Amino acid sequence: MKIIINNLKIGIDEDKSQLTSLAAAKLNVTADDIKSLRIVKESVDARKKNNIMFVYSVTADFEGNYKIPSDPDVREFVYENSETLIHGDEQLDNRPVIIGSGPAGLFAALTLAENGYRPLIIERGDTVDRRSEKVNRYWSKGTLDSESNVQFGEGGAGTFSDGKLTTRINDYRCEQVLDQFRKSGIPEEVLYKAKPHIGTDKLRKVLVKIRERIIAAGGEFKFRTKMTSLLMESGVVKGIVVNGSDKIAASVVVMAVGHSARDTFEMLFNSGIKIQQKAFSMGVRIEHLQKFIDEAQFGKFAGNKIIGAGEYQLFHKLPGGRTVYTFCMCPGGSVVAAASEPESIVTNGMSEFARNKINANSALVVSVGPSDYGTSHPLAGIEMQRKLERSAFTAGGSNNSAPVQRLGDFMRNRRTQQFGSVVPGYTGEVTAADLNRILPVFIKDPIKDAMKFLDNKLRGFAMDDAVLTGVETRTSSPLRLLRNESCVADGVDGLYPAGEGAGYAGGIVSAAVDGIRAAGEIIKRFRPLD
């Protein structure tokens, strides 16, 4: 019998070995009665700065019968509902093809491979090692490879981020995702942290292991291979064209291209695939000293290595409906150059596992939607992104420098002349500019209007010396590829849109979950390849 015990608290300087005795006390048994104990969640309660506690949920195993005490923190542990995949009867004439090797593509491929479907994964970018070389060259010299960059390549856009494994979705497949990451080498602690993160340095190694596992199970990868056409007959997928000329026969295609594959979306639209506008968010990156965030969150315990780097997540809903919020917070990290098109500036955030750089950064964004796009065209959100990214390129001096500004100067509509305590932590060159001149009114005004409310939630967040870097435009996909409950694209049999780019996820875990979901639908319909 397995019991879950919640709300076990220990001080930050106390040993985790106490958890067994604390759990035993909750259960009215002795520590020897517990056959095994496993941490399933760890969080930090920092509401009282002078008495910060770790809070745990654990599972305890017993042999035989056990009467659960009347305690709201104690209950029998029951696995969430899951689905047993039963192979379908339809025949596959060709191996399934997966477009994209981000989380959705990789986890769809892993699920299919482990069930005997020998998927073929098509990736326009490079392997993660080769891709890292291209990214570092762009950061140091401004040389952009439009096919292999922060957005494109093995692992998708999340590869050069914090490797966050947090998600707001409630789906039993989330546990499958974490378990697959564990099997591929992530540290055990990531599985139970309240805000788990791998770190971009460790994530790259994990990606290689996932690729190796897929190949060992019968899958195949083709890198530097770009899908350029979708072959269809009478609304049924027949295959794809890659690199402009090479045909690959396929009756099942998983479209997991990520949120930045703008040329692919245009091709799909021109092919008659149904696409719908979707809301997303845009704004800037904001930086503070990590030391300040630590002190604001942990008081006298700031800098304690056991607690780790301080984090925050802030939001404020303004009259009229717009929400201003922080997103993808990267403690002890860098603001990274993340463009995938020439003459554009795009920012993102990245932390390594240690989170030990001097600045903390986060996206500071405003919700936008179809009413802001100016047209009903399904790809209008992309054009709005592109316009802002090109304006940022011009504001930075048209030489790949990012426009940056002190928050105090932004609030007072003046160009920054000198930085204060916070120095920009961007991976490329920066140029002092006035972001008021490039941000649309429906983005800059809400940021200003919300700042005092965000500062009330994290004192000092609105300090004049905080640094803004423009622009953050790739928070999620501005469109959705329409599909039915079986994950099949509307009107196109055999096409399975999946993940963040298709408009069904937001982040590593939810994208991976959606990839597993799409693979499951394929498995339920078709039998494995002979």
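The values are calculated or read from the model by the stated rules, or taken from the named source; none is laboratory data. Source: prediction; values computed, not measured. Don't worry about glycine lacking a Cβ; one is built from the backbone with ideal geometry, like all the others, and counts go over all protein chains shown. Side chains included, ligands, DNA and RNA excluded: accessible areas come from the protein's heavy atoms. Shrake-Rupley method; radii C 1.70, N 1.55, O 1.52, S 1.80 Å.
Please indicate, with yes or no, whether at least one residue in segment 309-317 is open to solvent by 30 Å² or more (accessible area, probe 1.4 Å), assigned to a loop (DSSP other than H, G, I, E, B) and within 23 Å of Val467 (Cα to Cα).
Yes: one or more hits.
Are there any strands (runs of 3 or more DSSP E) wholly within segment 26-78 with 3 or more residues that are touching a strand residue (DSSP E or B) at 6+ places or on another chain (Cβ under 6 Å) and open to solvent by less than 60 Å² (accessible area, probe 1.4 Å), and if so which?
Those strands (runs of 3 or more DSSP E) span 36-45, 53-61.
Within segment 197-222, which residues are in a loop (DSSP other than H, G, I, E, B) and surrounded by 20 or more Cβ atoms within 10 Å (Cβ to Cβ)?
Residues of segment 197-222 that are in a loop (DSSP other than H, G, I, E, B), as a first pass: 198-199, 217-219.
Once the filter is applied, which keeps residues that are in a loop (DSSP other than H, G, I, E, B) and surrounded by 20 or more Cβ atoms within 10 Å (Cβ to Cβ), segment 197-222 yields Ile198, Gly199, Gly219.
For residues in segment 459-483 being within 24 Å of the chain's Cα centre (by Cα) and surrounded by fewer than 20 Cβ atoms within 10 Å (Cβ to Cβ), which is farthest from Tyr373 (Cα to Cα)?
Across segment 459-483, the extreme among qualifying residues is Leu482.
Report yes if Gly272 is open to solvent by less than 60 Å² (accessible area, probe 1.4 Å), in contact with a helix residue (DSSP H, G or I) (Cβ under 7 Å, 6 or more places away or on another chain) and more than 19 Å from Val135 (Cβ to Cβ), otherwise no.
When the stated conditions are applied, Gly272 does not pass them.
Checking Arg95 against (1) of a type in the set (Lys, Arg); (2) part of a helix (DSSP H, G or I); (3) in contact with a Lys or Arg (Cβ under 7 Å, 6 or more places away or on another chain): exactly one of these is not met. Which one?
Condition (2) is where Arg95 drops out.
Go through (1) exposed (fewer than 14 other Cβ atoms within 10 Å of the Cβ); (2) charged (D, E, K, R); (3) in contact (Cβ under 8 Å) with a residue 24 or more places away in the chain; (4) farther than 29 Å from Gly219 by Cα for Asp89 and report which single condition fails.
With (1) exposed (fewer than 14 other Cβ atoms within 10 Å of the Cβ); (2) charged (D, E, K, R); (3) in contact (Cβ under 8 Å) with a residue 24 or more places away in the chain; (4) farther than 29 Å from Gly219 by Cα applied to Asp89, the lone miss is (4).
State which residue is nearest to Ala279 (Cα to Cα) when the search covers only segment 292-329 and only residues that are modelled with pLDDT under 95, of a type in the set (Phe, Trp, Tyr) and over 20 Å from the mean Cα position of the chain (by Cα).
Residue satisfying both the conditions and the ranking: Phe298.
Return the total of residues in segment 364-412 being more than 13 Å from Thr469 (Cβ to Cβ), of a type in the set (Gly, Ala, Ser) and over 25 Å from the mean Cα position of the chain (by Cα).
Residues in segment 364-412 being more than 13 Å from Thr469 (Cβ to Cβ), of a type in the set (Gly, Ala, Ser) and over 25 Å from the mean Cα position of the chain (by Cα): 7 in total.
Any residue in segment 109-125 that's in a loop (DSSP other than H, G, I, E, B): show its pairings with residues that are crowded, with 22+ Cβ neighbours inside 10 Å and among the acidic types (Asp, Glu) at Cβ separation under 7 Å, as long as the two are six or more apart or on different chains.
These pairs meet every condition: Glu123/Glu154; Gly125/Glu154.
Given the structure, is Asn51 without any contact (Cβ under 8 Å) to a residue 60 or more places away in the chain and polar (S, T, N, Q)?
yes
Going residue by residue through segment 138-149, is there one that turns out to be among the β-branched types (Val, Ile, Thr), more than 25 Å from Val241 (Cβ to Cβ), over 20 Å from the mean Cα position of the chain (by Cα) and surrounded by fewer than 24 Cβ atoms within 10 Å (Cβ to Cβ)? First the steps, then the outcome.
Residues of segment 138-149 that are among the β-branched types (Val, Ile, Thr), as a first pass: 143.
Subsequent filtering for residues that are more than 25 Å from Val241 (Cβ to Cβ) retains 143.
With the extra rule that they be over 20 Å from the mean Cα position of the chain (by Cα), the set shrinks to 143.
After this cut, where a residue has to be surrounded by fewer than 24 Cβ atoms within 10 Å (Cβ to Cβ) as well, the list is 143.
Yes: segment 138-149 contains one or more residues that are among the β-branched types (Val, Ile, Thr), more than 25 Å from Val241 (Cβ to Cβ), over 20 Å from the mean Cα position of the chain (by Cα) and surrounded by fewer than 24 Cβ atoms within 10 Å (Cβ to Cβ).
Just checking, which of Ser376, Ser371 is more than 16 Å from Ile447 (Cα to Cα) and assigned to a loop (DSSP other than H, G, I, E, B)?
Of the residues listed, the single one that is more than 16 Å from Ile447 (Cα to Cα) and assigned to a loop (DSSP other than H, G, I, E, B) is Ser376.
Could you check how many residues of segment 183-196 are surrounded by 17 or more Cβ atoms within 10 Å (Cβ to Cβ) and over 25 Å from Gln313 (Cβ atoms)?
Within segment 183-196, the subset surrounded by 17 or more Cβ atoms within 10 Å (Cβ to Cβ) is 184, 186, 190-193, 196.
Next, from what is left, pick out any that are over 25 Å from Gln313 (Cβ atoms): 184.
Qualifying residue count for the region: 1.
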